[in-house]
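Below is one structure, written out as structure tokens; comments come after it.
The values are calculated or read from the model by the stated rules, or taken from the named source; none is laboratory data. Worth saying up front: this structure is predicted, and the values here are computed from it rather than measured. Methodologically, a virtual Cβ is constructed for each residue, glycine included, from the backbone with ideal geometry; neighbour enumeration extends over all protein chains shown. All accessible areas refer to the heavy atoms of the entire protein, side chains included, with ligands and DNA or RNA removed. Shrake-Rupley method; radii C 1.70, N 1.55, O 1.52, S 1.80 Å.
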Amino acid sequence: KQTLVIDSHLSHYLPKKWVELCIVTKTNLKKLKQRLQKRGYSKAKIQENLECEIFDVCLIEAQEAGHNLKIVET
């Protein structure tokens with residue numbers, strides 16, 4: 001059996017049968033904003049990312065897909 005790690009905001013869309021563990025990272029909104037600004041992201045992109053963090057978009061979608069979840073604070 002081969003192990004593959006996928007690092008993406010879209011990896012939770014993979015079918016449950018292909019995913020042994022889905023790790024969802026969460027962070028403080030202030031820290032997230034600072035990280036994204038440091039990377040030079042546009043204001044619109046930063047706002048989109050902050051909204052996704054506020055509403056737990058990736059976490060909820062992973063839960064709805066039935067993935068085995070681990071939540072990590074970064």
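Looking only at region 4-41, count how many residues are in contact with a Leu (Cβ under 9 Å, 6 or more places away or on another chain), among the charged types (D, E, K, R) and open to solvent by 80 Å² or more (accessible area, probe 1.4 Å).
Residues that pass the stated criteria total 1.
Residue check, LYS1 against (1) at pLDDT 90 or above; (2) open to solvent by 100 Å² or more (accessible area, probe 1.4 Å); (3) of a type outside the set (Gly, Ala, Ser), all met but one. Which one?
Going through the list (1) at pLDDT 90 or above; (2) open to solvent by 100 Å² or more (accessible area, probe 1.4 Å); (3) of a type outside the set (Gly, Ala, Ser), LYS1 breaks only (1).
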